[in-house]
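This report refers to the structure that appears directly beneath it.
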């Protein structure tokens, strides 16, 4: 009786797993970037691991149901079977790894970005900096960081004077253009993550990290902090707006420059 | 699927270890070697952290007090003395071994005293642990090494109290720490 | 009176006073019990902390964020280090190694005793952090700088200090223990017990102990450096920090250096936990299915392969850390490769059950729970290890579900199975079977309901280490409902562990008397008296071993097992040829 119950439970667990995957009460957010390949690899992984899980549980359920009375058979090993299982597993691993590494190579070697935006994490809000008409982000220095100048811009550097600083966001990005995000932090490690964009990257004090994406959908999205950063970690939320390139340009030109904001 | 043949396949044949039916690796001081493996891991982690940090742009080289050379000599002599003591003890001459072992211990303590003096010299010259990565590493590295040597000193004292049992292992341990020191010293000199 | 043996190994006379018998004992069996009881008690504290976390997640506002993070940190650290590592190595390792190898005790019994007391001290130092100003650290069990030692994180002043000191003490204890386990396996096996005749439980603990000796030092170095950063304001890990408008007295350090040191330890650590568990499962499966473990040699090689490879996968915890992105290619490859020996072991356990005589004893029920959850956890590791897939999933509930499945469920149920299996030998009593079955069902079904749906919250993008999800616009109301459901199940599963605790204590006094070998197992510990006396084998010489550890249902033999120490002439039955 318990044997049948256990076998049934193991089968039900597989059914439950498949049901969750097919009915998808909780699933990816709708994609808004070029990184749909990640979704594809996750689906591939779900299929392969789902089959593996089903195989294991069904085998287990069958074995314990069928082999209750014995006598057991003395089978200490089977080298041929073991070799086959080894290569079969290695094949499965390769099938997962190959596309994974292939698309990772895209992530590591960004195309020439049309736009670079700096993202600053600070306990506990996100700020952003856009290059001005000169297309360059100006120099910064931690010595100059202050509440009024969170990026630590050098007001004497012409490349910095025309930058646009948005403290607390929202982050505006133009549709369809590859954008490189440079991430920095002033205090502790944070991570910038927009679920619809799929990718995330830590912002580490003392370093500049980077990630790139191409927004593929207009809309308003939420950025969350994805690296524990203290008491306000769950409140470090930001807004991301993907707008048309014209709207983006118009908005950028209308913003006050850093030089103004610093009163210089 | 595996099948049951007429003759069951033989279980795995025995492998490895021991002779004379005692079943152990005929390796003297296995316990000590195991401990040294762990210590090697410790110092390797330390050295790799050191090398990584050394590569960062704000590294400022530290002056190396010539005292460190004297300390190195003391440790070398300590190892030699302890080695002589261990060999004498292995030959059965506990009475002759004792003074050598004690000398080794004293020289080791001399090394430690010298290291502390080197610390004072550097602190006096203004090289505090904070504010100077090379300084911080110097104190950390010499501190961990010194603590392990001190532990070895305690073990040596215990061995002497037990008629020299464990003296051989103590001697190996000190030679090991001498080797580690030579490596660390070379690293310090080169940075 | 010296007990006869095959090695030049003295263990001292039988202790006479209460203190030397039960408190300051050098007997590995007593030390094992001390480790086990301490680990289970501190694990219970860890479990209560998880209830606090779950209550906050279901009913936001129950705890303030500071308390949530303190509970989260202590829960994680207690479970991984002070429960799992201590119980599997210190508890099972101490109990099983000498008995399974035919030794009278560990190689260095005095050091072994010290190892327990230093472990206990480390636990007390950790618990003391509840009583210092600011409370325990809330930095997360990964203790990442700069946040771990700066304002904005609970316990950044005193709590973190005590945590670091506690870890240093634990590492000293683990080194003293590991020294014993490794040396005993290498040097003190009884006559005839070659390495390839050792039970897999010993192999698992042995390989894990070697790993521990090589991996813990990296954490040691990291903790010392963080201590110096915290107390002397050195800058090993601390870059220039401007926090809340103030410039802190640090400069030039690398937060990533901590991550490398921590994970160089941290990844092998999870295998240090799972390898002994795997060894225990091999015993449970073969004994209770009356069938030799399938592919013993491959099982041993897999343990060694997993151990070796596990030292070169650590940066899969750092794919999104900002480290050199090219490292990702290397670590993704090694990480996915380490899945292969784990898969081999899984196939072999399944093939052991195939055509066996599968008796649904309580230990085997927990072994089945292990197989199920280890497979789930291992498979989800394939997602996270595949570098690009980790980018959306890192720091989400997918990771939380993954590591709870492998460590929070699989390793724990292996421990439960092991306790149900060896309790009769250690105490001379059987654990109550009805309570055991209830405990199994509640735990098995409950943990599935808790952690399986969690994977999908991770796919959604729900971040981890959040006490509340208010304000997250992409999280639907059903996810909040799921959180409440998970909390309810978690509390029930937690309460059902009380059944286990009660069973352990009650059966000690009122349980049915256990025969010497209730499971009819072939390994040496079952050939010792119950419970084993001082020196394990009494005044007789220890048993001599004639065969491997898995002689179950040998064809043509009247009994369905042959103990390792049954001499060939007694085994008879004409089936001895070809049997090593």
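Just so it is clear, none of the values below were taken in a lab; they were calculated from the coordinates. These numbers come from a predicted model, not from an experiment. Cβ coordinates were reconstructed from backbone atoms using ideal geometry, including for glycine residues, and neighbour counts include every protein chain displayed.
Against chain A, whose longest principal axis is taken from its Cα atoms, helix A:245-254 shows a tilt of about 40°.
According to the Cα-based calculation, Rg over Rh for the protein assembly as shown is 0.99, with Rh computed by the Kirkwood formula.
Note: relative contact order over the range A:115-261, using C-alpha pairs below 8 Å and six or more positions apart, is 27 percent.
Relative to the 2.2 N^0.38 Å rule of thumb, the range B:50-143 has a C-alpha radius of gyration ratio of 1.44. If you wrap the range C:129-179 in the convex hull of its Cα atoms and look at it from every side, the mean projected area works out to 3.7 nm².
Based on alpha-carbon atoms, the Kirkwood radius and the radius of gyration of the range C:409-478 give Rg/Rh equal to 1.22.
Computed FRET efficiency, Cβ-Cβ of residue A:66 and residue C:59, R0 56 Å: what is it to the nearest 0.05?
Values: r = 46 Å, r/R0 = 0.83.
After rounding, the FRET efficiency stands at 0.75.
Between residue A:134 and residue A:218, the FRET efficiency from the beta-carbon distance, with R0 = 35 Å, is close to 0.80. For chain B, the longest principal axis of the C-alpha atoms and the axis of helix B:167-189 are separated by about 50°. Projected label points at residue C:10 and residue B:116, each 7 Å from Cα along the beta carbon direction, are separated by 3.6 nanometres.
Normalised Debye scattering of the range C:279-423 at q = 0.11, 0.17 Å⁻¹ gives log10 I(q)/I(0) of -0.46, -0.94, counting only Cα atoms as equal scatterers and leaving out solvent.
Legend: Rg and Dmax of the range C:208-289, from Cα coordinates, 19.2, 66 Å.
Defining a contact as two alpha carbons under 8 Å apart and six or more residues distant in sequence, what relative contact order in percent does chain C show? The partial results should precede the final answer.
Numbers: 979 pairs, mean separation 92.6, N = 580.
Relative contact order here is 16 percent.
Extents of the range A:115-261, taken as max minus min of Cα coordinates on every principal axis and listed largest first, are 37, 36, 20 Å.
Pairs of alpha carbons in the range C:190-337 separated by more than 22 Å make up 55% of all such pairs. The alpha carbons of chain B stretch over 83, 57, 21 Å along the principal axes, in descending order. Estimated from the Cβ-Cβ distance and a Förster radius of 45 angstrom, the FRET efficiency linking residue C:485 and residue C:20 is about 0.30.
Of all DSSP beta bridges confined to the range A:115-261, the antiparallel ones make up roughly 70%. Nearest 5 percent is fine: what portion of the DSSP beta bridges confined to the protein assembly as shown is antiparallel? The antiparallel proportion sits near 75 percent.
Evaluated at q = 0.16, 0.22 Å⁻¹, a Debye calculation over the C-alpha positions of the range C:6-133 (equal weights, vacuum) places log10 I(q)/I(0) at -0.81, -1.21.
Across peptide A:200-213, how many C-beta atoms of other chains are within 10 Å of each residue C-beta, on average?
6
The mean of 1/r over all pairs of different alpha-carbon atoms in chain C, once inverted, gives a Kirkwood hydrodynamic radius of 24.7 Å.
Averaging over all projection directions, the Cα-based convex hull of chain A occupies 19.7 nm² in the image plane.
Determine the calculated [θ] at 222 nm for the protein assembly as shown from helices alone, applying -39500 (n - 2.57) to every DSSP H run no shorter than 4 residues and normalising by the residue count; nearest 500 deg cm²/dmol. Show your work: numbers first, answer last.
Numbers: 29 runs with 560 residues, N = 1035.
Helix-only estimate at 222 nm: -18500 deg cm²/dmol.
Per residue of peptide C:147-159, the mean number of Cβ atoms on other chains within 10 Å of the residue Cβ is 3. Once you treat every alpha carbon in the range C:79-142 as an equal point and sum by Debye, what is log10 I(q)/I(0) at q = 0.16, 0.22, 0.27 Å⁻¹? Values, matching the q order: -0.66, -0.97, -1.20. Helix C:255-288 sits at what angle to the longest principal axis of chain C, using alpha carbons and giving 0 to 90 degrees rounded to 10? It is inclined by approximately 30 degrees. Normalised by residue count, the range C:122-270 yields a Cα convex hull volume of 109 Å³ per residue.
Relative to the globular-protein estimate of 2.2 N^0.38 Å, the Cα radius of gyration of the range A:1-124 stands at 1.61.
Expressed as a rounded percentage, what relative contact order does the range B:63-189 have, with Cα pairs under 8 Å and six or more residues apart?
Values: 123 pairs, mean separation 37.9, N = 127.
Dividing the mean separation by the residue count of the range B:63-189 yields 30 percent.
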